[in-house]
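To keep things clear, I will list the structure first and then write my remarks on it.
Derivation of every value follows stated rules applied to the coordinates shown; laboratory data play no part. Keep in mind the model is a prediction, meaning the values are calculated, not measured. As a convention, Cβ positions derive from the backbone with ideal geometry for all residues, glycine included, and neighbour counts pool all protein chains shown.
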Amino acid sequence: MGKRITVQEAVGMINDGDMITFSGFTIWRRPMAVIYEIIRQRKQNLHLIEVNSGTHGDMLVGAGCVKVWESCWIGHELFGKLGGNLDRKVRNGEVITEDYSHHQMLLRMAAGALGIPYIPTWASRGTDILNPEYDMLSKHAMRDGSNPNIPRQKAQWVEDPFFEEGTLIHVPAARPNICIAHVQQVGEDGTVRVWGQKYADEEAIKAADKVIIVAEEVVPEEYLRREPSQNIIPPYLVDAIVQQPWGAHPTGNFGCYEVDGPFVRDFYNKTRTQEGFDAWAEEWIFGVPDFDAYLEKLGYKRLQSLKANSAYKYSNEAKRGSR
């Protein structure tokens, strides 16, 4: 079996307090099968660090799994605007947030992927994003060096020593303990192939200490190596492999299935309060033993309506709204 494990075993690799990151973008290619199991196993005090967040992050926050959320944005795109659970938890003082701009977060992941401590940028000069007053990890005494994954400073201002072009901002590398990525295909040894937009997956995977790949299907390595330019990650970077069809639902997976917009909207509307979240989670997470049972609860017809046509790469049945 090599690196092959179950969803439950994958979540067992996550420790309480770990800094974690994920694949995808807002409501696309999020490892939802793992997200549900993290909640089911009641992991706690997680530090989410992401280029951007989405439905998956808002679920983890609502479930009380998250201590620190470090990113630039969270929401459900057309199906729910901003993350209501994070908003509520921040207002109640239950979650620490650390804001960077989208570009800065991408650079932080890139620095982590390159194995360097920081990257210079001009991004966000003139904004309050790096105002020391809003350095929340410092305010909570979390930049004292006791956690090697948390930088001692949020950023640093330096003068360009090469061309004298002004003040630059050094943003620190992101160094998550673990990255969980959902992709379309993975080889038996761990070669990763992503169809369509790759977002910041390559950087997030390379920045992490451990990597779990969840895929729609596991395929022969020989097949993937016929077109090596289509692959983004080699096997030696991958610690574990999970095969889980539909494992990104309700988020979408290009070439496989669409975003389940009504499901995401229903989640957003029902979880605006903690009582609402608890009731929703009791039905969709704790009320089923595993992700396969979750898929059975969704039903064949619903899933079939989301399935991508192999020629078009998108569903020609899913309703996308009207004017």
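Taking the fewest neighbouring Cβ atoms within 10 Å as the starting point, the ordered list for Tyr199, Tyr312 is Tyr312, Tyr199.
For region 141-173, applying the loop criterion from DSSP together with a ceiling of 14 other beta carbons within 10 Å to the chymotrypsin sites (Phe, Trp or Tyr not before Pro) yields Phe162, Phe163. Ordered by the number of other Cβ atoms lying within 10 Å of each residue's own Cβ, fewest first, Ser101, Ser71, Ser229 fall into the sequence Ser229, Ser101, Ser71.
Distance between the C-alpha centres of region 1-78 and region 149-203: 17 Å, rounded to the whole angstrom.
Projection of the Cα convex hull of region 204-272, averaged over all directions and equal to a quarter of that hull's surface, yields 6.4 nm². Scaled against 2.2 N^0.38 Å for its residue count N, the alpha carbon radius of gyration of region 19-176 is 1.06.
Considering only Asp144, Asp58, Asp189, the mean-square fluctuation computed in a Gaussian network model of the chain, springs between alpha carbons under 10 angstrom, is largest for Asp144. Provide, for q = 0.12, 0.14 Å⁻¹, the log10 of I(q)/I(0) from a solvent-free Debye sum over equal Cα point scatterers in the chain. Each listed q corresponds, in turn, to -0.82, -1.11. In region 1-50, the alpha-carbon atoms span a convex hull of 89 Å³ per residue. Sorted fewest first by neighbouring Cβ atoms within 10 angstrom, Cys256, Cys179, Cys72 come out as Cys72, Cys256, Cys179. Here is the list for region 80-188: GluC sites (Glu not before Pro) lying in DSSP coil, each with at most 13 other C-beta atoms within 10 angstrom of its C-beta, are Glu164, Glu165. Using the Cα coordinates of region 167-234, the gyration tensor eigenvalues translate into equivalent-ellipsoid semi-axes of 26, 13, 10 Å, sorted from longest to shortest.
Note: region 55-140, Cα convex hull, 127 Å³ per residue. Hull volume per residue, based on the alpha-carbon atoms of region 71-120 and their convex hull, is 98 Å³.
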